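> To start, I am sharing the structure in question, which I have written as C-alpha coordinates.
The values are calculated or read from the model by the stated rules, or taken from the named source; none is laboratory data. Bear in mind that the values here come from a model prediction, so they are computed numbers and not experimental data. Positions of Cβ are backbone-derived with ideal geometry, glycine not excepted, and every protein chain shown enters the neighbour counts. Heavy atoms of the whole protein, side chains included, go into the accessibility calculation; ligands, DNA and RNA do not. Shrake-Rupley method; radii C 1.70, N 1.55, O 1.52, S 1.80 Å.
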Amino acid sequence: GPERPQAWFGDRRVAVVRDGKAWVALVGLPLALEPGLHDLRVASGSLEETKPIRVAAKHYPLQRFSVPDHRKVEPLPEDELRIAREQKRIDEIKSLFRDEAEPELAFRQPAQGKPSGNFGLRRIINGLERSPHAGIDFAVPTGTPVRAAGAGIVVETGDFFFNGNSVYLDHGQGLITLYCHLDRIDVAAGERVAAGQVLGLSGNTGRSSGPHVHWTVLANGAAVDPRLFLRRK
Ligand code: ZN
(Lines give C-alpha, C1' and ligand atoms only; values in the text may rest on other atoms or scores of the structure.)
Protein backbone atom coordinates (compact mmCIF):
# COMPACT_ATOMS: atom_id res chain seq x y z
CA GLY A 1 0.00 0.00 0.00
CA PRO A 2 1.01 3.66 -0.07
CA GLU A 3 1.66 3.82 3.67
CA ARG A 4 5.10 2.75 4.89
CA PRO A 5 4.79 -0.27 7.21
CA GLN A 6 6.79 -0.38 10.44
CA ALA A 7 9.01 -3.32 11.32
CA TRP A 8 10.92 -4.45 14.41
CA PHE A 9 13.73 -6.93 14.91
CA GLY A 10 13.81 -7.75 18.61
CA ASP A 11 12.98 -4.44 20.27
CA ARG A 12 14.55 -2.34 17.51
CA ARG A 13 12.78 -0.57 14.68
CA VAL A 14 14.30 -1.49 11.33
CA ALA A 15 14.57 0.55 8.14
CA VAL A 16 11.73 0.09 5.67
CA VAL A 17 12.36 1.46 2.19
CA ARG A 18 10.55 1.44 -1.11
CA ASP A 19 11.77 -0.83 -3.87
CA GLY A 20 9.55 -0.29 -6.92
CA LYS A 21 6.05 -1.17 -5.77
CA ALA A 22 7.17 -3.13 -2.72
CA TRP A 23 8.28 -2.15 0.77
CA VAL A 24 11.52 -3.77 1.85
CA ALA A 25 12.75 -4.12 5.43
CA LEU A 26 16.55 -3.85 5.80
CA VAL A 27 17.38 -5.92 8.87
CA GLY A 28 20.80 -5.60 10.49
CA LEU A 29 21.88 -8.93 11.98
CA PRO A 30 24.32 -8.65 14.90
CA LEU A 31 27.56 -10.63 14.51
CA ALA A 32 26.75 -12.42 17.79
CA LEU A 33 23.29 -13.54 16.59
CA GLU A 34 22.68 -17.30 16.82
CA PRO A 35 21.93 -18.99 13.50
CA GLY A 36 18.35 -20.25 13.13
CA LEU A 37 14.91 -18.70 12.97
CA HIS A 38 14.35 -15.14 14.16
CA ASP A 39 11.19 -13.06 14.08
CA LEU A 40 10.62 -9.87 12.17
CA ARG A 41 7.51 -8.09 13.43
CA VAL A 42 5.68 -6.03 10.82
CA ALA A 43 2.81 -3.57 11.37
CA SER A 44 0.81 -1.95 8.61
CA GLY A 45 -2.21 0.10 9.66
CA SER A 46 -4.07 -2.09 12.13
CA LEU A 47 -2.56 -5.29 10.75
CA GLU A 48 0.36 -6.86 12.54
CA GLU A 49 2.19 -10.04 11.66
CA THR A 50 5.37 -11.89 12.49
CA LYS A 51 7.59 -13.08 9.67
CA PRO A 52 10.31 -15.63 10.36
CA ILE A 53 13.81 -14.92 9.05
CA ARG A 54 16.18 -17.85 8.68
CA VAL A 55 19.70 -16.80 9.65
CA ALA A 56 22.57 -18.94 8.40
CA ALA A 57 25.96 -19.24 10.07
CA LYS A 58 28.78 -17.24 8.55
CA HIS A 59 32.43 -17.84 9.22
CA TYR A 60 34.86 -14.93 9.45
CA PRO A 61 38.65 -15.34 9.37
CA LEU A 62 40.88 -14.85 12.39
CA GLN A 63 43.22 -11.87 12.53
CA ARG A 64 46.16 -11.38 14.89
CA PHE A 65 47.83 -8.04 15.37
CA SER A 66 49.39 -5.89 18.03
CA VAL A 67 48.84 -2.33 19.14
CA PRO A 68 51.64 -0.40 20.87
CA ASP A 69 49.46 0.93 23.72
CA HIS A 70 48.59 -2.27 25.61
CA ARG A 71 46.34 -0.31 27.99
CA LYS A 72 43.87 0.01 25.07
CA VAL A 73 43.74 -3.80 24.90
CA GLU A 74 43.80 -4.52 28.62
CA PRO A 75 42.40 -1.38 30.28
CA LEU A 76 43.47 -0.40 33.79
CA PRO A 77 40.89 -0.43 36.60
CA GLU A 78 40.74 3.38 36.49
CA ASP A 79 39.70 3.21 32.80
CA GLU A 80 36.59 1.13 33.51
CA LEU A 81 34.37 4.05 34.59
CA ARG A 82 35.16 5.95 31.39
CA ILE A 83 34.61 2.87 29.23
CA ALA A 84 31.25 2.17 30.89
CA ARG A 85 30.12 5.79 30.44
CA GLU A 86 31.08 5.72 26.77
CA GLN A 87 29.39 2.36 26.23
CA LYS A 88 26.16 3.76 27.65
CA ARG A 89 26.32 6.66 25.18
CA ILE A 90 27.16 4.29 22.30
CA ASP A 91 24.13 2.13 23.21
CA GLU A 92 21.92 5.25 23.14
CA ILE A 93 23.21 6.18 19.69
CA LYS A 94 22.65 2.62 18.44
CA SER A 95 19.00 2.81 19.46
CA LEU A 96 18.29 6.05 17.55
CA PHE A 97 15.53 5.85 14.99
CA ARG A 98 14.66 8.99 13.04
CA ASP A 99 11.85 8.80 10.53
CA GLU A 100 13.34 9.77 7.19
CA ALA A 101 11.37 9.08 4.01
CA GLU A 102 14.37 8.26 1.85
CA PRO A 103 17.50 7.40 3.79
CA GLU A 104 20.65 7.22 1.70
CA LEU A 105 21.48 3.57 1.00
CA ALA A 106 24.29 3.95 -1.52
CA PHE A 107 27.19 5.19 0.57
CA ARG A 108 30.52 6.45 -0.72
CA GLN A 109 33.83 5.33 0.77
CA PRO A 110 34.84 7.82 3.51
CA ALA A 111 38.51 7.85 2.44
CA GLN A 112 40.28 6.72 -0.71
CA GLY A 113 42.66 4.29 0.98
CA LYS A 114 43.38 0.64 0.45
CA PRO A 115 41.05 -1.58 2.53
CA SER A 116 43.29 -2.93 5.31
CA GLY A 117 40.83 -4.82 7.53
CA ASN A 118 37.57 -6.43 6.54
CA PHE A 119 34.32 -6.58 8.47
CA GLY A 120 33.73 -9.47 10.86
CA LEU A 121 37.35 -10.53 11.49
CA ARG A 122 37.66 -12.41 14.77
CA ARG A 123 40.55 -10.75 16.54
CA ILE A 124 43.45 -11.58 18.77
CA ILE A 125 45.05 -8.31 19.82
CA ASN A 126 48.36 -8.41 21.71
CA GLY A 127 47.66 -12.11 22.26
CA LEU A 128 44.21 -11.53 23.80
CA GLU A 129 40.84 -12.45 22.29
CA ARG A 130 38.82 -9.29 21.62
CA SER A 131 35.47 -8.42 20.03
CA PRO A 132 35.17 -9.00 16.26
CA HIS A 133 35.88 -6.22 13.80
CA ALA A 134 32.64 -4.23 13.56
CA GLY A 135 33.62 -2.20 10.51
CA ILE A 136 36.09 -1.84 7.69
CA ASP A 137 39.51 -0.17 7.76
CA PHE A 138 41.24 1.93 5.13
CA ALA A 139 44.97 2.53 5.41
CA VAL A 140 45.60 6.24 4.86
CA PRO A 141 48.27 8.62 6.15
CA THR A 142 47.37 10.81 9.13
CA GLY A 143 45.76 14.03 7.94
CA THR A 144 43.70 12.51 5.10
CA PRO A 145 40.23 14.10 4.81
CA VAL A 146 37.48 11.76 6.05
CA ARG A 147 34.16 12.34 4.31
CA ALA A 148 30.53 11.64 5.15
CA ALA A 149 29.44 8.40 3.48
CA GLY A 150 26.02 9.94 2.89
CA ALA A 151 23.87 12.91 3.88
CA GLY A 152 23.00 12.91 7.55
CA ILE A 153 22.98 14.63 10.92
CA VAL A 154 25.97 14.56 13.28
CA VAL A 155 24.68 12.95 16.48
CA GLU A 156 27.89 12.67 18.46
CA THR A 157 31.56 13.55 18.31
CA GLY A 158 34.27 13.01 20.88
CA ASP A 159 37.32 11.13 22.07
CA PHE A 160 36.37 7.54 22.92
CA PHE A 161 38.69 5.14 24.78
CA PHE A 162 38.79 2.45 22.08
CA ASN A 163 37.64 4.30 18.97
CA GLY A 164 39.65 7.47 19.56
CA ASN A 165 38.28 10.69 18.04
CA SER A 166 34.96 9.66 16.52
CA VAL A 167 32.03 11.06 14.55
CA TYR A 168 28.57 9.45 14.47
CA LEU A 169 26.20 10.33 11.62
CA ASP A 170 22.48 9.57 11.63
CA HIS A 171 21.13 8.92 8.11
CA GLY A 172 17.59 8.17 9.23
CA GLN A 173 15.60 4.95 9.63
CA GLY A 174 18.11 3.58 12.13
CA LEU A 175 21.06 3.78 9.71
CA ILE A 176 24.08 5.25 11.51
CA THR A 177 27.68 5.54 10.32
CA LEU A 178 30.73 5.89 12.52
CA TYR A 179 34.23 7.22 11.67
CA CYS A 180 37.03 6.42 14.14
CA HIS A 181 40.67 7.09 15.13
CA LEU A 182 40.52 10.62 13.68
CA ASP A 183 43.31 13.10 14.27
CA ARG A 184 40.93 16.05 14.08
CA ILE A 185 37.14 16.49 14.13
CA ASP A 186 35.69 19.34 12.03
CA VAL A 187 31.96 18.95 12.73
CA ALA A 188 29.74 19.27 15.80
CA ALA A 189 26.68 17.43 17.10
CA GLY A 190 23.45 18.72 15.56
CA GLU A 191 25.11 19.75 12.30
CA ARG A 192 23.54 18.58 9.05
CA VAL A 193 26.16 17.32 6.59
CA ALA A 194 26.05 16.55 2.89
CA ALA A 195 27.37 13.35 1.34
CA GLY A 196 31.09 13.74 0.82
CA GLN A 197 31.45 16.62 3.27
CA VAL A 198 34.70 16.53 5.27
CA LEU A 199 34.08 15.40 8.88
CA GLY A 200 37.68 15.66 9.99
CA LEU A 201 41.16 14.31 9.32
CA SER A 202 42.27 10.72 9.72
CA GLY A 203 44.66 9.73 12.46
CA ASN A 204 45.85 7.04 14.83
CA THR A 205 43.92 7.79 18.05
CA GLY A 206 42.36 5.20 20.39
CA ARG A 207 43.09 1.49 20.02
CA SER A 208 44.92 1.60 16.72
CA SER A 209 47.91 -0.19 15.25
CA GLY A 210 48.77 2.58 12.78
CA PRO A 211 47.22 5.48 10.85
CA HIS A 212 43.91 4.40 9.30
CA VAL A 213 40.21 5.18 9.08
CA HIS A 214 37.79 2.76 10.68
CA TRP A 215 34.27 2.96 9.27
CA THR A 216 31.22 1.26 10.79
CA VAL A 217 27.67 1.05 9.40
CA LEU A 218 24.90 0.35 11.92
CA ALA A 219 21.44 -0.86 10.93
CA ASN A 220 18.88 -1.22 13.74
CA GLY A 221 21.79 -1.07 16.18
CA ALA A 222 23.72 -3.93 14.56
CA ALA A 223 27.09 -3.36 12.92
CA VAL A 224 26.84 -4.73 9.37
CA ASP A 225 29.35 -5.08 6.54
CA PRO A 226 29.77 -1.55 5.12
CA ARG A 227 30.53 -3.01 1.69
CA LEU A 228 26.85 -3.93 1.39
CA PHE A 229 26.08 -0.21 1.31
CA LEU A 230 28.89 1.00 -0.94
CA ARG A 231 27.54 2.42 -4.17
CA ARG A 232 28.61 0.69 -7.35
CA LYS A 233 31.04 2.86 -9.26
ZN1 ZN B 1 38.74 -1.09 12.30
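> Scan the stretch 90-100 and tell me whether some residue there is open to solvent by less than 40 Å² (accessible area, probe 1.4 Å) and either at pLDDT 95 or above or within 15 Å of the ligand (Cβ to nearest atom) (or both).
Yes: the stretch 90-100 contains one or more residues that are open to solvent by less than 40 Å² (accessible area, probe 1.4 Å) and either at pLDDT 95 or above or within 15 Å of the ligand (Cβ to nearest atom) (or both).
> Right, here's the next one. On the basis of being away from the ligand (no atom under 16 Å from the Cβ) and either of a type in the set (S, T, N, Q) or not in a strand (DSSP E or B) (or both), does Thr157 make the cut?
yes
Residue-wise test of (1) open to solvent by 10 Å² or more (accessible area, probe 1.4 Å); (2) at pLDDT 95 or above; (3) in contact with a Leu (Cβ under 8 Å, 6 or more places away or on another chain).
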| site | (1), (2), (3) |
| --- | --- |
| Pro141 | yes, yes, no |
| Gly152 | no, yes, yes |
| Glu156 | yes, yes, no |
| Gly164 | no, yes, yes |
| Gly172 | no, yes, no |
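> Could you grab me the full set of residues in the stretch 54-83 that are surrounded by 11 or more Cβ atoms within 10 Å (Cβ to Cβ) and part of a helix (DSSP H, G or I)?
Within the stretch 54-83, His70, Arg71, Lys72, Asp79, Glu80, Arg82, Ile83 meet the criteria.
> Further question on the same structure: Are any residues in the stretch 10-26 β-branched (Val, Ile, Thr) and in a strand (DSSP E or B), and if so, which ones?
Hits for the stretch 10-26 are Val16, Val17, Val24.
> Next up: Check off (1) within 24 Å of Thr177 (Cβ to Cβ); (2) in contact with a Pro (Cβ under 6 Å, 6 or more places away or on another chain); (3) hydrophobic (A, V, I, L, M, F, W, C) for Ala101 and give me the number that stays unchecked.
Here Ala101 meets the rest and fails (2).
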